[in-house]
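What follows is one structure encoded as structure tokens, with my remarks underneath.
The values are calculated or read from the model by the stated rules, or taken from the named source; none is laboratory data. A quick note: this is a predicted structure, and the numbers were derived from the prediction, not measured. Cβ coordinates were reconstructed from backbone atoms using ideal geometry, including for glycine residues, and neighbour counts include every protein chain displayed. The accessibility values were calculated without ligands, DNA or RNA, using every heavy atom of the protein model including side chains. Shrake-Rupley method; radii C 1.70, N 1.55, O 1.52, S 1.80 Å.
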Amino acid sequence: MSSFRGAPHIGMVPIAKAAEKAKLLCVEIVHLILGGFLENVARLTKVHGCSSILVDPVDPVEVRARSRAVLAGMSAFQAFGSLKIPRASGWALAERHEGPRLNPLVIESPNTCHRIHRFTGETVAAFVSEFTTDVRIANMYDLPKNVVISQLKRARVRTVVPYAEIGIYLYRASNIPEMETD
């Protein structure tokens, strides 16, 4: 487990600075800390929140290499962004046990105290090839979303999962008719 050794030493930096130096996202540094993949982590006692946690960046190249070795694939932020779906909808799809599912890659930490969920490019590409959303259809045809939804209803194209379950209209891509762009 990462060691919070009380008093920080000179050279330790906040998570944001460590992320900047290593060219990583702050959340990736946090995952590395929580998973026990980074050593020499200290906490300031009179500061609250994430700014109280300091990291010894040792060598940003080493931190980046450790990140690449541990954090395979893409983050949820990247995966859901490429799918053009809200974060809550992405997690709802990742947590499904049947039907349309976005399968995460679960990385167990050596300290068994933290799980990291990542997504492979292949998983995201497979999902995109099989399923689509009203937003992606609207972007593809350069139509307003309400026009796309109206045309899909007229063509009797049904969603594969009720909106209430995942918070988006998800369709099987093979069921999408050509859209009228007049």
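Details
- Close pairs (8 angstrom Cβ cut-off, 6 or more residues apart or separate chains): closer than 14 Å to Glu178 by Cβ in the range 139-155, β-branched (Val, Ile, Thr) and surrounded by 13 or more Cβ atoms within 10 Å (Cβ to Cβ) anywhere: Tyr141/Val148; Leu143/Ile137; Val148/Ile137; Leu152/Ile137; Leu152/Ile176
- Test: residue in the range 82-93 that is within 24 Å of Tyr163 (Cα to Cα), open to solvent by 40 Å² or more (accessible area, probe 1.4 Å) and touching a residue at least 60 places away in the same chain (Cβ under 8 Å): yes
- Of the residues examined, Leu102 is not one that is among the aliphatic types (A, V, I, L, M), part of a loop (DSSP other than H, G, I, E, B), more than 30 Å from Ile33 (Cβ to Cβ) and in contact (Cβ under 8 Å) with a residue 24 or more places away in the chain.
- Of all residues in the range 146-161, none satisfies being out of contact with any helix residue (DSSP H, G or I) (no Cβ under 7 Å at 6 or more places or on another chain), of a type in the set (D, E, K, R), outside any loop (DSSP other than H, G, I, E, B) and buried (at least 17 other Cβ atoms within 10 Å of the Cβ).
- Filtering the range 94-115 to residues that are in contact with a Gly (Cβ under 6 Å, 6 or more places away or on another chain) and open to solvent by less than 40 Å² (accessible area, probe 1.4 Å) leaves Ser109, Asn111, His114.
- Failed item in (1) crowded, with 20+ Cβ neighbours inside 10 Å; (2) of a type outside the set (S, T, N, Q); (3) under 18 Å from the mean Cα position of the chain (by Cα); (4) farther than 18 Å from Val30 by Cα, with Ile137 passing the rest: (3)
- Among the residues making up the range 46-60, those that are surrounded by fewer than 20 Cβ atoms within 10 Å (Cβ to Cβ) and either closer than 14 Å to Met12 by Cβ or in contact (Cβ under 8 Å) with a residue 12 or more places away in the chain (or both) are Val47, Cys50, Ser51, Ser52, Asp56, Val58, Asp59, Pro60.
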